[in-house]
Amino acid sequence: MVDPVHHLIGLTPPITVALAFALPLLSLIVKSRRFAEVYGVSATAIAAILTAIAFYYVYLVKSPVVYTFGAWPPPVGIVYEVDKFNGLLGLVVGVVFLLVAVYSIEYLKHRSGIEWYYTLLIGMEAGMLGVLYTGDVFNLFVMLEVTSVTAYGLVAFYRSRKESIEAALKYAIVGSVATTIYFIALAIIYGSYATLNMAQIAFKTMSKVDYFFYLIGGDRLWITYTPMIAVGGAAALALALWAFSVKAAIFPNHFWLPDAHPAAPSPISAILSGLLVKVGVYAIARFLYTLFHAAQPEVLVDSALKYVVEATLYALIVLGALSALIAGILMVAQSDIKRLIAYSTIMHIGYIAMGLGLATKLGLEAAIYHTINHAVAKALLFLAAGAFIHVVGTRNIDELSGVGRLMPITTLTFIIAAFSLVGLPPFNGFVSKYLLYMAFIEKGWAPLTAIIVISSSFALIAYVKIIYGVWLKAPVKELKGIKDPSPIITIPLLILAFACVFLGIASPYILDKVITPSVVDLAYNPLNYVSEALKILTQALGG
Amino acid sequence: MVLNEVLSIIVNAFVIPGLIFIAITTWLTQWFYRKIYARMQNRIGPRFIGPRGILQPIADFLKLLFKEDITTIVAREKEPIIMLSLAVGSLIALLSMLPISPYPLYAENDIILAIYLTLWPPIALILLGFMAPNPFTAIGTSRYMTLLIVCEPIWLLSILVPVVLTTRTGIAPAYSLFSASMNVASLWSNPLAVIPLILALYSIILAFQCKLMLRPFDIPEAETEIVAGPFTEYSGPKLAFITLLHDVEIVVYSLLIVWLFLGGPAPFTLTSIQGILTLIVKYLVIVFLVTWIKASTARLRIEQAVVFMIKYVLPVSIIAIILATIIPI
Amino acid sequence: MDEVILRFLWIYTWFVLIATIGLGLYGIAVKPNMLKKIISLTILGDTANVFMIYVGYRAVYPIKPPVLWTMNPSKEVLENFASQITDPVPPALVITAIVINMAITILITFLAIQAYRLYGTLDSRKISKLRG
Amino acid sequence: MNVLIVMIKLTVIMILVALSLYSTYIYVRKHRGIIKAKYKFQPYGCGEELTREQVSVGSRGLYWSVVSKVFNKLYMILREKIHTGVLGDWFSLMIIFLVVIVIVLIALSLIGVFG
């Protein structure tokens, strides 16, 4: 008997998809703007509640939770497997989407096509939750495509603006090349391991057992263990990680990001920067640490795969460092407020990549905590910048001068977010950066901390540039009638600002209770992840 | 228990190394500094107030503090003081992590915390420059930020050197400012460990000059060129607070160098008379060194300064930290 | 002899597939026209699909379609069936991928049309308002 | 002691000190009247009159002059050669990267298998 909570958890993405597609149909009947807004907010609220249930369940009751669609056991059917790592990220996604949906009501109140906007927004949430919760590499591909298509659509939301169409076109081409490459990687994975289930791949990379799953296929697919499988694994890892590094915007695959993120409406920029790139990070982490056991290479059955995984980790550190430096240098030169913040995203993804590349417990904690902190702080930064843009109607920092004096709440939240991302104590960004520093020092790579310091000081300068432009600079023209936007905008800002402070102050508790278990689930407990999925199969086969 | 915690925080914040201690040290240090700076320039220095002019710094500070507070129409009124107070507070918090405090706060891996605390004063100064818009403040502040980009990594790497070295000798708590300061003195007897320590000392003193905008790095507040850089618009109590922050920075960073690199009162303990005297002598040596560099050099241009730091200081600090991680202990 | 020819054809097809993937990537990277980029993208996507199909194909005769005719097969029938059929999973994946590719191609083509309306050109070197 | 608890304590110390200094300032301010003289509140301009527009430096000019002087070459390479905004240029870099990692990883795995 399946626990009913399992149904709720497993069905979260499908429910959200259904909610997304119902909206255009319903809006044919109810031709009211208010209806679309209320529908959008309630749909994201439902998703947020579901993710919160999943989070609560995996942390306090049982982890991981395996949900089989249509009760088909793992190698045949699609499986959703939620452990503490993706349950945590799912909660962040749910909460940020809810806040963004509320914020969008006010931000887009003068635009038409609001029902399409909310359709795409909820669709993107569904795709993102699917990518996070899925336990099947092909389903990950499908959900990645759902997320990407909605993202391309939302970047092109202002379809009469040159820059949004240009950015969306470039983003769409780059992104679809990436997903196609990932599809090729899937072919190689299927050819090498004869399964698409994550738990089974994780099992096959660490055991020589001639596993009884190969019910289907001829002699070529009756794969007994041979060392040559490692070559297929290496090729698949290379292609898949390339594809994910496009989604995560790690140098040199970051070019689309500074174009695409500013071109979208500000709430969408918040989601793209705060959450969408994290989907790429999540996939990288899942592939490296759960499927290929990068944190404990000694459990890998192929010595060849060990080399491959270690080379990948070094590559992640080098590329992360390059991303951070290049983004920092280019960030200072921007005069468009949202483009500047978009470059900062590349920088922070660089930090996260470095943390992932360290493959120590501290490094992984830093990476995961930074993923969450950056999601919160960057969403806040984009939303606050969006409030300025909403009120004044320009993205140029010089033209925004002096606005901040008349909008104290927005300015305060903006400064909190900026300081958090620069990493000043006691905000949350400091804690994760601190963990990253210590991870480097602990591993004996102390000189590399200089990269974080240099890029952080570039970031400090860039944020001070905005703070100067928006708040401290004397107004160039007479500002009349400008004040803080309505509570629909400011309340999400304040909630996120509170989260920034809370995640910093309560960090000892959060690290202990939330982050460390998720690291253990991600990287140090592969048998648990595998056995949960296999239990279902054994039950299905009758014991 | 709770009372003890509260007491430790109060003592740290207000007595030692809090406001009282820092006020006295800053006053005496500024007098010493002005006196020897004047001597190097063939002047006499403070003379009239108190014996040998020893009360002059206090008189200057009080005079500025009770002057009229002028804020131009485009400037911010109270935010500069908030930023400056926070910066001074961060420096005192830094001192309370050193063994000089009776209730030192330390833990494993607290070194990054210390480094981040030293980030507050630059941020305060940057925002200060921008809070009073003026072409001069803008130019000065942008120069200051350019300097910071190159001097922050040097600062970090040099501070890490003694910490990494002491941690490698197996002293707990690891990577802590406190344990490093307590145990660095024993490293000076190890000929291999001395090399990275000297290299790091060299680079941290130059980074110190750079962070504090002392000559040859006084480019941001270049007098006669851009009036007073970030501080052009400030007068009265705000200027008093700015000078206070500057002097507290000199005191705190000198104490940090004395403890972290020279081992504080070593070879004696802090509770003995000799120990306190040794600490004072070492402290005065560092202040003298900084003043000497300031008095004997001329101002660089901004790109010269950046190139100098990148070419001659940053590689040294990188070599120091690499040596510190690889040499056998 | 048959064996040799079969092996040659097998390897040749793999080579052609990899070359076509390279061609698709080349087209996306080098051709300046957006439309040609989109065509290269579809070439890449279709090659990936064929690649996937090939992974599920077997060069061992006899081959049967993966359709089981008896309702309650015995163990021997099942084993015999499993040793003769092509793998049904890759075609299932490819069907999904084709649908997704179609959706993406439509979206990108729409974006290209819109870009042509706004910029008056499809030359990707000229559609570069955003830079730096 | 946990380092994050130390962080919170240090923050408390910092805020206590800051509050006491700030209240000093407020006290001093209270006991000192302000003389309203118009010229005093104009931004300082070395004897020149500064208008509202001249007071603030544009944020672009502010940084660009310094940064372009010091890191000129780096910026030229980054902005003119790499971040050109042309799709083809990006793709050539991305595909070079793809080919490199595929070749390197497959070579490594082959070394692992046969070596």
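The values are calculated or read from the model by the stated rules, or taken from the named source; none is laboratory data. These figures come from a predicted structure and were not determined experimentally. FYI the Cβ positions are ideal-geometry reconstructions off the backbone, even for glycines, and counts take in every protein chain you see.
Taken together, B:LEU128, B:LEU105, B:LEU65 contain a single residue that is more than 7 Å from every other protein chain (Cβ to nearest Cβ) and either touching a helix residue (DSSP H, G or I) at 6+ places or on another chain (Cβ under 9 Å) or over 26 Å from B:CYS151 (Cβ atoms) (or both), which is B:LEU128. C:TYR26 passes every criterion in (1) over 25 Å from D:VAL102 (Cα atoms); (2) part of a helix (DSSP H, G or I); (3) aromatic (Phe, Trp, Tyr) apart from (1).
Of the residues making up segment C:104-117, one or more are part of a helix (DSSP H, G or I) and more than 28 Å from A:PHE141 (Cβ to Cβ). Among the numbered conditions (1) closer than 27 Å to A:LYS31 by Cα; (2) without any contact (Cβ under 8 Å) to a residue 60 or more places away in the chain; (3) surrounded by fewer than 23 Cβ atoms within 10 Å (Cβ to Cβ), the only one that A:THR150 does not meet is (3). A single entry from C:THR96, C:THR109, C:THR121 fulfils the requirement of being surrounded by fewer than 17 Cβ atoms within 10 Å (Cβ to Cβ) and either farther than 26 Å from A:HIS254 by Cα or at pLDDT below 80 (or both): C:THR96. Determine whether A:LYS483 is in a loop (DSSP other than H, G, I, E, B) and either out of contact with any Ser or Thr (no Cβ under 9 Å at 6 or more places or on another chain) or within 27 Å of A:GLY393 (Cβ to Cβ) (or both). Yes, satisfied. Pick from segment B:131-148 the residues that are under 22 Å from the mean Cα position of the chain (by Cα) and more than 7 Å from chain D (Cβ to nearest Cβ): which of them is farthest from B:GLU225 (Cα to Cα)? So the residue we want is B:LEU148.
One residue alone among A:VAL464, A:VAL470 is free of Cβ contacts under 8 Å to residues at least 60 places away in the same chain, in a helix (DSSP H, G or I) and among the β-branched types (Val, Ile, Thr), and that residue is A:VAL464. When segment A:240-257 is filtered for residues that are within 7 Å of chain D (Cβ to nearest Cβ) and more than 19 Å from D:VAL86 (Cα to Cα), only A:TRP242 remains.
Taken over segment C:69-85, the criterion of being more than 8 Å from chain A (Cβ to nearest Cβ) and either aromatic (Phe, Trp, Tyr) or closer than 22 Å to A:SER192 by Cα (or both) is satisfied by C:TRP69, C:GLU79, C:PHE81.
No other residue among C:ILE98, C:ILE18 is assigned to a helix (DSSP H, G or I), under 13 Å from the mean Cα position of the chain (by Cα) and within 14 Å of chain D (Cβ to nearest Cβ) apart from C:ILE18. Go through segment B:108-119 and report how many residues are surrounded by 23 or more Cβ atoms within 10 Å (Cβ to Cβ), of a type outside the set (A, V, I, L, M) and more than 8 Å from chain D (Cβ to nearest Cβ). Selection size over segment B:108-119: 1.
Reported count of residues in segment A:139-165, each being within 10 Å of another protein chain (Cβ to nearest Cβ) and touching a strand residue (DSSP E or B) at 6+ places or on another chain (Cβ under 9 Å), is 2.
Within segment A:125-146, is there a residue that is farther than 27 Å from A:LEU522 by Cα, buried (at least 24 other Cβ atoms within 10 Å of the Cβ) and not hydrophobic (A, V, I, L, M, F, W, C)? No: zero hits. Taken together, B:LEU156, B:LEU197 contain a single residue that is without any contact (Cβ under 8 Å) to a residue 60 or more places away in the chain and either of a type outside the set (Asp, Glu) or closer than 22 Å to B:LEU127 by Cα (or both), which is B:LEU156.
Taking the residues in segment C:40-52 that are farther than 12 Å from A:PHE183 by Cβ and either at the interface with chain A (Cβ under 9 Å from one of its Cβ atoms) or of a type in the set (Ser, Thr, Tyr) (or both) as candidates, determine which candidate is nearest to the chain's Cα centre (by Cα). Result: C:THR42. From the set of residues in segment A:348-391 that are surrounded by fewer than 24 Cβ atoms within 10 Å (Cβ to Cβ) and farther than 19 Å from A:ALA285 by Cβ, which is farthest from the chain's Cα centre (by Cα)? It comes out as A:VAL391.
Every residue in segment D:76-99 that is more than 7 Å from every other protein chain (Cβ to nearest Cβ) and either more than 33 Å from the chain's Cα centre (by Cα) or over 25 Å from C:GLY22 (Cβ atoms) (or both), please. Of everything in segment D:76-99, those that are more than 7 Å from every other protein chain (Cβ to nearest Cβ) and either more than 33 Å from the chain's Cα centre (by Cα) or over 25 Å from C:GLY22 (Cβ atoms) (or both) turn out to be D:MET76, D:ILE77, D:GLU80, D:VAL99.
For segment B:280-318, the set of residues classified as assigned to a helix (DSSP H, G or I), in contact (Cβ under 8 Å) with a residue 24 or more places away in the chain and basic (Lys, Arg) consists of B:LYS282, B:LYS294, listed by residue number.
Return the residue satisfying two criteria in turn: it lies in segment A:241-277 and is more than 15 Å from A:SER148 (Cβ to Cβ) and of a type in the set (A, V, I, L, M), and of such residues it is farthest from the chain's Cα centre (by Cα). Among those that are more than 15 Å from A:SER148 (Cβ to Cβ) and of a type in the set (A, V, I, L, M), it is A:ALA263.
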